[in-house]
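Asks: My structure is below; once you've seen it, I'll send some questions.
The values are calculated or read from the model by the stated rules, or taken from the named source; none is laboratory data. If you're wondering where the values come from, they're calculated on a predicted model, not measured in any experiment. Reconstructed Cβ throughout: ideal geometry from the backbone, glycine too, with neighbour counts over all protein chains shown.
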Amino acid sequence: MNDRFLRACRREPVDRVPVWYMRQAGRYDPDYRKIKEKYSLLEICRQPELAAEVTMMPVRKLGVDAAILYSDIMNPVASIGIDFDIVKDIGPVIHNPVRSAADVDRLKPIDAEGDLGHVLETIRILDRELDVPLITFAGAPFTLASYIVEGRPSKSYMNTKALMYGEPDTWHKLMGKLADMAATYLRAHAASGAKAVQLFDSWVGALAPHDFAEFVQPHVESIFARIADLDLPKIYFPGVSSGELLPLLSDLRADVVGLDWRVPLAEGRRRTGGRFAVQGNLDPYVLTAPTNVIQERARRLIDEGVREPGFIFNLGHGLYPEASLDKLRELTAYVHEYSQQKLSS
Ligand code: CP3
């Protein structure tokens, strides 16, 4: 078992820097696109053998040090009573957006075994098949709210913020229910064989720090508190433009914080009180550049990242569909090779 990724999460020494990419299973891969001609994302997720295969494709093709479960942050919300589809070229579209106290009251507790048995079965298959650790994940309350309140992807989060500022009691009730869902779901993942978990809060950087502190932070903290006893690394990814929120994270019971590319790694470590391993944070669009430019940027990150134990090479946000399989494969090999030289000198 390649345990470099887990060692880096625990800030233990490694022989070379571990790499994986957010959204590494995806449309840049022609074989994935072929599968997508036949099945939607949710149809793939409902077939454990196929979902496990799609999870393993980037591991084999790119040589990364961790797998991430093929699923979506929206997957479990059907179990609490939200009706949605993932629509091509749009993203999650919700048929019954949550806008009122009555809507929030209607949400049920998650039944992971009953409604998401296919996801747990995929995790069990991967636990047998993989020779790298499996990361599973959940959506964080604000980021999920930004879909289930808006009804579809949004740039302004207007309806979400209207609920947050205008009906704080309803808001906290919703956040509480989404936090329950995430904690229960991640515990079921761990029981099925997940080796690390990541909480995706991709859009929480849309909030001012004091609003994050008041409306979101207690709920994120409660998720990590309720999985604190699980013996696996826990990652919080506060997503794009979250640099100003980092000082608020220093008490979080997580092991790793994911950084976006706007925050230098050393600054990310400093702002979070030196308590976390850091994961990130290449601008995904650096991959559009010629190889020498990609390598120069990777080298810069590694030089900074390896100054202290606890660095996982990743992007600052998910891969985009037009990324190149060859460039990703080259980048992975380069990170391994360069960091190995650097760590042994
Ligand atoms: O990382 C991986 O390879 C594992 C799979 C994964 C998916 N979604 C599959 C997916 C993961 C980890 C996610 C998380 C996710 N989903 C996030 C957090 C990460 C991030 O990007 O910030 C968010 C915000 C979502 C919500 C979501 N799902 C959006 C906005 C979209 C549409 C945008 C797009 O890229 O098309 C999706 C659909 C989705 N989820 C796709 C995949 C592979 C693409 C559609 C498809 O192939 O059917």
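Asks: Cβ-Cβ below 8 Å, separation at least six or inter-chain, first residue in segment 70-82 and under 15 Å from A145 (Cα atoms), second in a helix (DSSP H, G or I) and among the β-branched types (V, I, T): which pairs?
Replies: Note: pairs meeting the criteria are I73/T143; N75/V119; P76/V119; V77/I148; I82/I148.
Asks: Would you pick out the residues in segment 299-323 that are within 16 Å of the ligand (Cβ to nearest atom) and exposed (fewer than 14 other Cβ atoms within 10 Å of the Cβ)?
Replies: Once the filter is applied, which keeps residues that are within 16 Å of the ligand (Cβ to nearest atom) and exposed (fewer than 14 other Cβ atoms within 10 Å of the Cβ), segment 299-323 yields P321, E322.
Asks: Listed residues R33, R60; which is away from the ligand (no atom under 12 Å from the Cβ) and either over 25 Å from T143 (Cα atoms) or in contact with a His (Cβ under 8 Å, 6 or more places away or on another chain) (or both)?
Replies: Just a single option satisfies the conditions, and that option is R60.
Asks: Ok, one more. Which is closer than 11 Å to A138 by Cβ, surrounded by fewer than 24 Cβ atoms within 10 Å (Cβ to Cβ), among the aromatic types (F, W, Y) and touching a residue at least 12 places away in the same chain (Cβ under 8 Å), of F215, F200?
Replies: After ruling out the rest, the residue left standing is F200.
Asks: Let me ask something additional. Tell me, which residue of segment 251-298 that is of a type in the set (S, T, Y) and over 20 Å from the mean Cα position of the chain (by Cα) is surrounded by the most Cβ atoms within 10 Å (Cβ to Cβ)?
Replies: The qualifying residue surrounded by the most Cβ atoms within 10 Å (Cβ to Cβ) is T288.
Asks: From the residues in segment 84-111 that are within 16 Å of the ligand (Cβ to nearest atom) and acidic (D, E), which one is modelled with the lowest pLDDT?
Replies: D89
Asks: Within segment 137-159, how many residues turn out to be within 21 Å of V220 (Cα to Cα) and of a type in the set (D, E, K, R)?
Replies: Within segment 137-159, residues that are within 21 Å of V220 (Cα to Cα) and of a type in the set (D, E, K, R) number 1.
Asks: What tally of residues in segment 187-239 results from selecting those that are closer than 15 Å to W171 by Cβ and within 15 Å of the ligand (Cβ to nearest atom)?
Replies: 3
Asks: Now, a different point. I need the full set of residues from segment 176-200 which are among the β-branched types (V, I, T) and assigned to a strand (DSSP E or B), in order please.
Replies: Let us first name the residues in segment 176-200 that are among the β-branched types (V, I, T), namely 184, 197.
The one that is among the β-branched types (V, I, T) and assigned to a strand (DSSP E or B): V197.
Asks: Suppose we keep only residues that are under 24 Å from D89 (Cα atoms) and among the hydrophobic types (A, V, I, L, M, F, W, C) within segment 143-170. Which one would you say is surrounded by the most Cβ atoms within 10 Å (Cβ to Cβ)?
Replies: Applying the first criterion (under 24 Å from D89 (Cα atoms)) to segment 143-170 yields 143-160.
Within this subset, residues satisfying the condition of being among the hydrophobic types (A, V, I, L, M, F, W, C) are 144-145, 148-149, 158.
Details: L144: 28, A145: 26, I148: 24, V149: 24, M158: 11.
Once the filter is applied, the top-ranked residue is L144.
Table: residues versus (1) under 25 Å from I223 (Cβ atoms); (2) more than 10 Å from the ligand (Cβ to nearest atom).
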| site | (1), (2) |
| --- | --- |
| V64 | no, yes |
| L120 | yes, yes |
| R128 | no, yes |
| I135 | yes, no |
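Asks: List the helices (runs of 4 or more DSSP H) inside segment 1-49, counting only whole elements, that have at least 1 residues being touching a Ser or Thr at 6+ places or on another chain (Cβ under 7 Å).
Replies: Working: elements: 4-9, 30-38, 41-45.
Hits in segment 1-49: 41-45.
Asks: Can you find a residue in segment 45-55 that is surrounded by 20 or more Cβ atoms within 10 Å (Cβ to Cβ), within 18 Å of G151 (Cβ to Cβ) and either under 20 Å from the mean Cα position of the chain (by Cα) or in contact (Cβ under 8 Å) with a residue 12 or more places away in the chain (or both)?
Replies: Looking for residues that are surrounded by 20 or more Cβ atoms within 10 Å (Cβ to Cβ), within 18 Å of G151 (Cβ to Cβ) and either under 20 Å from the mean Cα position of the chain (by Cα) or in contact (Cβ under 8 Å) with a residue 12 or more places away in the chain (or both), one finds none in segment 45-55, hence no.
Asks: Working only within segment 225-241, note down all residues that are out of contact with any Ser or Thr (no Cβ under 9 Å at 6 or more places or on another chain) and either on the phi < 0 side of the Ramachandran plot or in a strand (DSSP E or B) (or both).
Replies: Scanning segment 225-241 gives A225, I227, A228, D229, L230, D231, L232, P233, K234, I235, Y236.
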